[in-house]
Amino acid sequence: MPNSEVQYNDSSADIQTPIKTPCSRWLSVLVILARVVVGATFIVSGVVKLIDPMGTMYKIEDYLAVLDLSFFAPGAYVVAVLLSMVEFVLGFNTLLGSYLRTTPILLLIFMGIMTPLTLYLAIANPIADCGCFGDFIVLSNWQTFAKNVVLLSLVIFLFRFNTRKRSVFHREIHALIVIWVVFFGSFLVWIAANYSPILDFRPYKLGVDLAANYFGDDDTLVEYDFVYENNGVQEVFDIEHLPDESQGWHFVERRERASKVQLAENNQLDHFVVYDGDEDITEEVLSHEGYVFMIFSESVVNANDDEVNKIHELYDYTQEYHYPFYAVTASSPTEIENWLDNTGGEFSFVYMDRTTIRTIDRANPFLMVLKDGVIYHKYPIEHLPDEALLVMPVEQIEGYAVPHTYNARYRMVTLALVLFIPIVVLYFTERVALFLLRRFRRWRKERAVVENEDNNQ
């Protein structure tokens, strides 16, 4: 009677297909499903943190504060990157079945730590959300705990049965997959550190109309679909593509739908409030017709001063061409005065909530350019325009007259292709190599048989 408990190890020698009973087949299916759920969850959780390591660092600092461990805060960025990378690698190892025995053990240790921690957060509720998926998906603390309970159950299942289904790749390839995943994750961190997160899950994306949100302009914030009927068939049109009624179309109804701005912001834009002392000047900033230059620094004490001359050059440029210029910070008046004395700044500062500044962009400092209340550009200080470009109005500077656009779908698809195409290529390369190796071994075996027969004659 065949053994129903078919097992595999990580050896590349296990390439023969064993006999399976119906029970073992169902168990294999369950193992695959568990790998997909756990692996995909860890991959998404890891990649959204690697895309925005500063956001992950802020969340870790929140954790340390509520646990009275703020003295560890200086290492929060390193912890954020390492934690995200561990999740990312474990997710791929789980999904592909790499390191069949080691991966479930590491998963069990990880979930054994995180599940009790999220239970504490759910009960004590010291912070609003755990940040498990960054700003991509915001879960309540109880939702996070429930998610971890499900994951822990699946991890325990994999700990017991993961070896019942072989890996996608042979063991010799596993290290290559890990190296590629670490390289890809490091690339995401480098992009975020030197530019901005390649995917922006925050409300202050390029192209967002802050003025429309602030002033509640219904014509801007609300869009409509128009339903027309022709020969009993109804179709939906937008206002720019209404059908010709002379061709038999007649109006049925108008349907209101939220604009892209409303869908994207989820009321978080309401936190964009600028103060000059005790005076709210948000309306002044957002109602200006034309360009507005805003330099943000959530803390001038921790700001990068390597390129501070570019800020001074930009300020001089805005004064020459009569563009409003605002230096925005959450620092104290004393810190601002010391920074201006040390850097020679000739402008004054206005104020905004520190969390809001961090949400707009992760760099410190950074430039945001508005036009008619719409976010046109965002740059870290290292990428401010060179002085050689600041000799003409904004409309004449190449790349500034036209707003930068943010296409989330295009970026997601591009990242997915860059990540998975090498893995797919490696998979088919391995298949071809194994096929050729087996053919070579078969040919060599057949040749040995022929030579043996010739020697016996």
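The values are calculated or read from the model by the stated rules, or taken from the named source; none is laboratory data. No experiment lies behind these values; they were computed from the predicted model shown. Don't worry about glycine lacking a Cβ; one is built from the backbone with ideal geometry, like all the others, and counts go over all protein chains shown.
Values for this structure:
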| quantity | calculated |
| --- | --- |
| Strands (runs of 3 or more DSSP E) within region 277-384 that include 2 or more residues within 28 Å of the chain's Cα centre (by Cα) and not β-branched (Val, Ile, Thr) | 291-297, 366-371, 374-380 |
| Members of region 315-350 that are within 26 Å of residue 269 (Cβ to Cβ), crowded, with 20+ Cβ neighbours inside 10 Å and not β-branched (Val, Ile, Thr) | 326, 327, 331, 349 |
| Qualifying position, being hydroxyl-bearing (Ser, Thr, Tyr), buried (at least 21 other Cβ atoms within 10 Å of the Cβ) and either assigned to a helix (DSSP H, G or I) or modelled with pLDDT of 90 or more (or both), among 45, 28, 24 | 45 |
| Identity of the residue in region 136-180, farther than 13 Å from residue 34 by Cβ and of a type in the set (D, E, K, R), that ends up surrounded by the fewest Cβ atoms within 10 Å (Cβ to Cβ) | 172 |
| Some residue of region 263-282 being in the same structural domain as residue 339 (by TED's automatic domain parsing), of a type in the set (Gly, Ala, Ser) and at pLDDT 75 or above | yes |
| Residue in region 129-142 that is assigned to a helix (DSSP H, G or I) and not aliphatic (A, V, I, L, M) present | yes |
| Residue among 168, 181 that is over 23 Å from residue 49 (Cα atoms) and either β-branched (Val, Ile, Thr) or in a helix (DSSP H, G or I) (or both) | 168 |
| Number of the condition not met by residue 98 [criteria: (1) without any contact (Cβ under 8 Å) to a residue 12 or more places away in the chain; (2) not in a helix (DSSP H, G or I)] | (1) |
| Region 101-117, residues that are surrounded by 23 or more Cβ atoms within 10 Å (Cβ to Cβ) and either touching a Lys or Arg at 6+ places or on another chain (Cβ under 9 Å) or of a type in the set (Val, Ile, Thr) (or both) | 103, 104 |
| Set 419, 390, 415, 434: member being surrounded by 10 or more Cβ atoms within 10 Å (Cβ to Cβ) and either at pLDDT below 80 or farther than 30 Å from residue 375 by Cβ (or both) | 434 |
